[in-house]
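A.B. asks: Sharing a structure here in structure tokens format.
The values are calculated or read from the model by the stated rules, or taken from the named source; none is laboratory data. All values reported here derive from a predicted model rather than from experimental measurement. Cβ: placed from backbone, ideal geometry, glycine included. Neighbour counts: every protein chain shown.
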Amino acid sequence: MSADHQPRRHVAVGALLTAGFAALLVAGLAGLPREHDPLPPIARYALEVALPRWKLTEPVNEVVYGTRGFDTFGETFLLLAAVLSVIVLTRPREGRRGYFGESAAGQEEQAELDPIETGPAEEQEARRAERGESRGDRPSTPDSTPLGTPGPETAEAMSVVVRGAVRTVLPVLAVAGLYLVTWGYSPGGGFPAGAVVTGVILLVYAAYGRSRIARAVKSETLEGIEMAGAGLILGTELLGLILRGSFSANWLPLAPPQTIRSGGVVQLFSFGELFEVATGLTIVIFSLLSMGHDWSPDPESEGDEE
Amino acid sequence: MILVNHVAAAVVFCLGLYAVLTHRNLIKMVMGLSLMEASTYLFMISLAYRDKSTAPIFLSPPKNPERLAHGNVADPVLQNFCLTAIVIGVAVTAVFLSVVVRIAQHYRTLDADRVRGMRG
């Protein structure tokens, strides 16, 4: 791997193409509506129907899950497709249910028969780096590190200051995010709330380390919840088609504005989106974090490297 | 002057485009794509802005809803585009990055020119 090597190609062609595209953008920008122009008809329509038709005081929510519900439906499944792609791309070669220990057994045998490991120097270096990353006799938090220990921080969790701050902030953050989506006050409902839930999980991960959230953040559990969210959205939209004759139409009774059920199906869709976004982003992030090396040779692709 | 925002979005987009066209480091290409993506958020939010406009939120149910659209509020439709684009953008960037990590593990390089298996 050549990290310090900065390959560049076709700088002149790239600059020329970029300049050409910039000229196109400038030409396009000249004809755009500015801050003194009236809103386009579609925006005015969205503002006009939000209260009378959907009983929502939050027009962005009404656009996301009501008027433009079908587009959001498509985008949701685009998100799902992206999450599935990441799962497929990051999966280990063998899906397995348990720990069989053949890697450890192989290492013992290797130490007996061939203590000087053969193989490319790059691979040996990468293996050493991986062993260094795996949990050894590291302290769980910096608080338990002896004073005056040289070298960078090696603990898995962060210090008591960070853990205390995270412990204080977490409930507030989680409740605030869920409150906003429950009452339909946050623009976009489930999208930002899902990002907040992901942020809460990442804060716990950063402050306390992987082992503290390993029980909750399991891909089997998260994938189940994500599929349940997708099912909820699909069911909500299909019931509109069955009961009202139009996909993503409202089929629930509308409560007065600024109550939990004020948006009808908008709130249901928003909750489904909350599950989708929260579990989807969490799966994606932890899949990327746990991508391991696969050192076994792949005979089928050997010929490709010519 | 909302035009400044539009120009800034165009500049950020062109920076991303230039990075994608000239860099052969796969991580930098993904960063260029992310820049292009981020410039569209700035562009759409700026396009939604109107002079002295407030967020498109009704504080209380107004007396005559048909007059709503004549007040100074930002465009809710473009804000909605931006909102969904952010989440989709994160997921798509994650797909790019997982492909890049797999390429790096398989070919032991991040240089797109040295990933020779891709040259059909």
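A.B. asks: Would you pick out the residues in segment B:80-89 that are of a type in the set (A, V, I, L, M, F, W, C) and either within 10 Å of B:Met44 (Cβ to Cβ) or crowded, with 21+ Cβ neighbours inside 10 Å (or both)? Let's see the steps before the verdict.
C.D. replies: Here is the first cut: in segment B:80-89, the residues of a type in the set (A, V, I, L, M, F, W, C) are B:81-83, B:85-88.
Within segment B:80-89, B:Phe81, B:Cys82, B:Leu83, B:Ala85, B:Val87 qualify.
A.B. asks: Any idea which residue in segment A:270-291 is nearest to the other protein chains (Cβ to nearest Cβ), counting only those that are of a type in the set (S, T, N, Q) and assigned to a helix (DSSP H, G or I)?
C.D. replies: Keep residues of segment A:270-291 that are of a type in the set (S, T, N, Q), which gives A:270, A:279, A:282, A:287, A:290.
Add one more test, that the residue is assigned to a helix (DSSP H, G or I), and what stays is A:270, A:279, A:282, A:287.
Details: A:Ser270: 12, A:Thr279: 12, A:Thr282: 11, A:Ser287: 7 Å.
Among residues in segment A:270-291 that are of a type in the set (S, T, N, Q) and assigned to a helix (DSSP H, G or I), the one nearest to the other protein chains (Cβ to nearest Cβ) is A:Ser287.
A.B. asks: Which of the residues that make up segment B:87-120 are more than 7 Å from chain A (Cβ to nearest Cβ) and modelled with pLDDT of 90 or more?
C.D. replies: The answer is B:Gly89, B:Thr93, B:Phe96, B:Val100.
A.B. asks: Counting only residues that are surrounded by 13 or more Cβ atoms within 10 Å (Cβ to Cβ), in contact with a Phe, Trp or Tyr (Cβ under 9 Å, 6 or more places away or on another chain) and of a type in the set (S, T, N, Q), give me the helices (runs of 4 or more DSSP H) lying completely in segment A:119-230 with at least 2 of them.
C.D. replies: Details: elements: A:121-133, A:160-182, A:190-208, A:210-213.
Because the criterion is at least 2 residues that are surrounded by 13 or more Cβ atoms within 10 Å (Cβ to Cβ), in contact with a Phe, Trp or Tyr (Cβ under 9 Å, 6 or more places away or on another chain) and of a type in the set (S, T, N, Q), no helices (runs of 4 or more DSSP H) in segment A:119-230 meet it.
A.B. asks: Return the residue satisfying two criteria in turn: it lies in segment A:231-250 and is at pLDDT 90 or above and either in a loop (DSSP other than H, G, I, E, B) or hydrophobic (A, V, I, L, M, F, W, C) (or both), and of such residues it is surrounded by the most Cβ atoms within 10 Å (Cβ to Cβ).
C.D. replies: Per the criteria, the residue is A:Ile233.
A.B. asks: Among the listed residues B:Leu83, B:Leu21, identify the single one that is at pLDDT 90 or above, at the interface with chain A (Cβ under 7 Å from one of its Cβ atoms) and in a helix (DSSP H, G or I). Step through it out loud before you land on a result.
C.D. replies: Working: B:Leu83 fails: at pLDDT 90 or above.
None of the other options fit; the residue is B:Leu21.
A.B. asks: When you look at B:Leu78, is it modelled with pLDDT of 90 or more, out of contact with any Asp or Glu (no Cβ under 6 Å at 6 or more places or on another chain) and closer than 30 Å to A:Asp37 by Cβ, yes or no?
C.D. replies: Judged against the criteria, B:Leu78 is a match.
A.B. asks: Being more than 9 Å from chain A (Cβ to nearest Cβ) and in contact (Cβ under 8 Å) with a residue 12 or more places away in the chain is the requirement here; does B:Tyr49 meet it?
C.D. replies: Working: more than 9 Å from chain A (Cβ to nearest Cβ): no; in contact (Cβ under 8 Å) with a residue 12 or more places away in the chain: yes.
In short, no.
A.B. asks: Moving on. Go through segment A:39-54 and give me each residue that's buried (at least 22 other Cβ atoms within 10 Å of the Cβ) and either facing chain B (nearest Cβ under 7 Å) or in a loop (DSSP other than H, G, I, E, B) (or both). Talk me through it step by step, then tell me what you get.
C.D. replies: Within segment A:39-54, the first condition is being buried (at least 22 other Cβ atoms within 10 Å of the Cβ), and the residues that meet it are A:39, A:43, A:46-47, A:50, A:54.
Across segment A:39-54, the qualifying residues are A:Leu39, A:Ala43, A:Ala46, A:Leu47.
A.B. asks: Considering only residues that are within 21 Å of A:Ala30 (Cα to Cα) and in contact (Cβ under 8 Å) with a residue 40 or more places away in the chain, which ones fall in segment B:3-33?
C.D. replies: B:Asn5, B:His6
A.B. asks: Sort through A:His36, A:His5 and tell me the only one that's facing chain B (nearest Cβ under 8 Å), modelled with pLDDT under 85 and surrounded by fewer than 12 Cβ atoms within 10 Å (Cβ to Cβ). Working first, answer last.
C.D. replies: Values: A:His5 fails: surrounded by fewer than 12 Cβ atoms within 10 Å (Cβ to Cβ).
Unique residue meeting the criteria: A:His36.
A.B. asks: Shifting gears a bit: Tally up the residues in segment A:251-269 that are surrounded by 13 or more Cβ atoms within 10 Å (Cβ to Cβ) and either away from chain B (no Cβ under 14 Å) or farther than 22 Å from A:Lys55 by Cα (or both), please.
C.D. replies: Filtering segment A:251-269 down to residues surrounded by 13 or more Cβ atoms within 10 Å (Cβ to Cβ) leaves A:251-252, A:254-255, A:257-259, A:261-269.
This time we only want the ones that are either away from chain B (no Cβ under 14 Å) or farther than 22 Å from A:Lys55 by Cα (or both), so: A:251-252, A:261, A:264-265, A:267-268.
So the count comes out to 7.
A.B. asks: Does any residue of segment A:55-69 turn out to be more than 30 Å from the chain's Cα centre (by Cα) and either touching a residue at least 60 places away in the same chain (Cβ under 8 Å) or surrounded by 14 or more Cβ atoms within 10 Å (Cβ to Cβ) (or both)? I'd like the intermediate steps shown before the answer.
C.D. replies: Of the residues in segment A:55-69, the ones more than 30 Å from the chain's Cα centre (by Cα) are A:55.
In the following step, the residues that additionally are either touching a residue at least 60 places away in the same chain (Cβ under 8 Å) or surrounded by 14 or more Cβ atoms within 10 Å (Cβ to Cβ) (or both) were identified as A:55.
Yes, because at least one residue in segment A:55-69 is more than 30 Å from the chain's Cα centre (by Cα) and either touching a residue at least 60 places away in the same chain (Cβ under 8 Å) or surrounded by 14 or more Cβ atoms within 10 Å (Cβ to Cβ) (or both).
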